[in-house]
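Written below as structure tokens is the structure these notes are about.
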Amino acid sequence: MPDRYDDIHLRRGVRRPESVQRLQADLRELGFAVVGVADGVFGRRTEWALREFQIYARQPGGAREASSGEPVYADRLVPAPNNDRFLGPVSGTADAETRRLLEVWLDGRRRCPVVVEAWRMRAGKRNAVVAQNLWLADDLKDQRRRMYARDLSDYWADGAGDSDGRIVVGEYTRALEGGPLSKPPRHVWSSAEILPETIYGASFDGLSPAQRSTFRVLRAVSEVECLGFFDSVNAYDNAFLSAGPCHWTLGLASVQGNVSDAEMPAFWALLEERDPAGFDKLLAATGVRPDAVWGQDGSSLRNASAAKYDAGLRLQTADGTYRRAGGAAAEWEWFRGWHWFYRLVMAGRTLRGYRRAMGEMTRIRLRDVRAARFADGPTIGEVFTSEKAAALILRWHVRFPAHVVRSGRAGSGLRAALGLAREARPDLDWDAPPADWTDAHESALIDGLLARAAVTHEGFSRTMQTVARWPDWNEDSNPRNYLLDPDLGPLSAHRRSFDFDSEAL
């Protein structure tokens with residue numbers, strides 16, 4: 001006897017409208033509303049919904065819908081162990097095993113165990129649900145609401161969240177293309193703050209001098225890039241997803257709608273090398289992986305021209321192999337949705353190796369940028385030697401990499417900044433070897449960096465000033481509720497004050 005879908009492998013582009021329409025309606029009933037309307041056309045949204053079903057069907061924890069009559073959908077769900085787990089490829093294809101489990105879920109009233117909701121807030125507390133079961137980035141374009149996930153899977157953190165199991169996720173912003181955003185203090189966990197403990201596994205007092213100096217630079221830049229928290233994530237622009245101290249991006253969509261390689265997949269490759277368990281937790285069960293491996297030193301991913309690391313993505317197919325993700329931006333909208341956003345937020349909150357790898361990736365960036373030379377002369381690290389200069393250059397490289405390093409050499413921005421420093425202080429001996437330069441030279445170099453930034457881009461210049469003033473908050477004025485002791489600042493502007501931590505790189 002044929003199954004509900006006529007024993008057909010349903011996949012992208014198949015023309016079996018009645019079977020596809022039944023599949024789409026079933027996915028909606030199971031909670032995978034990303035499928036959209038049941039129109040009988042197997043397009044990208046149906047593929048995304050099937051991939052999500054396969055992802056959640058692999059997890060040991062699940063949910064079923066009880067007949068309690070609760071008006072809020074998520075409150076009708078109760079935990080239900082997933083004793084019949086999906087073990088096939090996360091392909092977005094309704095193969096025989098996927099079709100079998102779809103029927104098992106339907107018969108058992110099983111549901112997607114993660115539900116993202118939009119809440120009206122009053123006096124900082126949840127007041128009422130205003131939208132339920134959000135998936136796509138633009139399912140609700142309302143900046144006044146705060147998004148929470150009711151997660152019955154216990155996949156990320158057993159017992160996390162409020163008393164009713166809801167976990168704060170973020171909010172919608174209309175900025176740029178519009179989409180999810182999490183920012184302190186409303187949307188983050190204090191345990192996910194970028195601290196010596198979360199980067200190095202030790203308190204600041206327990207760090208070596210090089211670790212202390214490097215942490216200060218990393219932290220100063222992170223307060224611009226991810227607001228000082230690992231779980232501060234963006235999904236509202238043409239980068240799809242962005243996270244981490246250097247704001248690594250998932251992909252970069254051009255105005256023509258094509259997606260190029262970017263830094264987050266390269267970071268994921270490093271994560272797989274350094275923390276396979278953390279990589280598996282975040283990615284292995286999703287059918288998504290970087291299209292290259294890090295190996296010993298990441299050389300296969302290195303963009304030597306700009307001193308950074310790029311990679312693309314691969315998606316699992318029905319035969320278990322992986323194909324390169326499509327280059328059209330519309331195919332990547334899945335990653336801007338609330339469930340992928342939630343995964344990255346929770347990785348930043350709960351995966352120790354993920355956070356440590358972010359610290360290492362930042363140090364690798366600092367190492368490579370500092371090693372680039374001014375023509376055939378000194379390196380960037382030999383010219384700019386203070387903590388403040390190192391932080392400013394790191395921030396500049398994140399925003400405009402080619403201004404800092406181009407074709408493997410110091411870029412036009414740094415060359416111009418050096419020229420401005422020489423013009424401002426002609427009384428200093430700039431022809432002496434950089435090893436003999438003084439605090440006065442370093443002060444002029446810092447001023448040169450800021451002066452050049454001021455004519456580059458107004459918003460960028462403001463962030464450079466923020467880095468230069470770090471920390472620009474104190475115990476009495478701390479709107480992001482940082483736990484970091486502000487007495488660790490300011491960044492030193494003294495010549496040779498930056499002590500770079502190159503251990504194990």
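FRET efficiency for the residue 127 to residue 481 pair, using the beta carbon distance and R₀ = 35 Å, is estimated at 0.95. The modelled label-to-label distance for the pair residue 255/residue 66, using points 7 Å beyond Cα in the direction of Cβ, is 5.6 nm. Modelled spin-label separation between residue 41 and residue 461, with each label point placed 7 Å from Cα along the Cα-to-Cβ direction: 4.9 nm. Each of 92, 189, 37 was scored by the projection of its Cα onto the charge dipole of the chain, and the greatest displacement toward the positive side belongs to 37; charges sit on the C-beta of Lys, Arg, Asp and Glu.
Partners of residue 308 within straight-line reach, counting lysines whose Cα lies under 28 Å from its Cα and excluding those fewer than 8 residues away in the same chain: 183, 281, 388.
In the chain, the DSSP-assigned H stretches of four residues or longer account for a calculated mean residue ellipticity at 222 nm of -10500 deg cm²/dmol, using -39500 (n - 2.57) per stretch and the full residue count as denominator. I want to make sure I understand the PRE zone here: with the label point 7 angstrom from the Cα of residue 186 toward its beta carbon, which residues in region 102-140 have backbone N atoms less than 20 Å away? Counting only backbone N, you get 116-140.
Helix 44-58 axis versus longest C-alpha principal axis of the chain: approximately 90°, rounded to the nearest ten.
The dipole here belongs to the chain: it is taken about the Cα centre, uses +1 on the Cβ of Lys and Arg and -1 on the Cβ of Asp and Glu, and is about 920 debye. Geometric descriptor of region 1-100, per residue, is 110 Å³ (volume of the convex hull of the Cα atoms). For residue 438 and residue 488, the difference between the fully extended length at 0.36 nm per residue and the C-alpha to C-alpha distance is 15.6 nm.
With the highest mean first, a sort of the peptides 373-386, 335-348 on other beta-carbon atoms found within 10 angstrom per residue produces 335-348, 373-386. Shape class of region 115-350 from the alpha-carbon gyration tensor: oblate, with a/c at 1.5 or above and b/c at least as large as a/b. Estimated from the Cβ-Cβ distance and a Förster radius of 56 angstrom, the FRET efficiency linking residue 496 and residue 15 is about 0.20. Using R0 = 56 Å, the C-beta based FRET efficiency linking residue 106 and residue 422 works out to 0.15. In plain terms, the chain from residue 376 to residue 208 could stretch by 57.2 nm, reckoned as 0.36 nm per residue minus the Cα-Cα distance. Taking the number of Cβ atoms within 10 Å of each Cβ as an exposure proxy, the fewest-first ranking of 151, 291, 319 is 319, 291, 151. If the chain linking residue 274 and residue 174 were pulled fully straight, counting 0.36 nm for each residue of separation and taking away their Cα-Cα distance, it would gain 32.4 nm.
Compute the acute angle (0 to 90°) between the alpha-carbon long axis of helix 263-274 and the principal axis of greatest extent of the alpha-carbon atoms of the chain; round to the nearest 10°. The angle comes out near 80 degrees.
Every number here is computed from the coordinates shown, using simple stated rules; none is lab data. Here the structure is a predicted model, which is why all the values come from computation and not from measurement. Backbone-built Cβ (ideal geometry, glycine too); neighbour counts: all protein chains shown.
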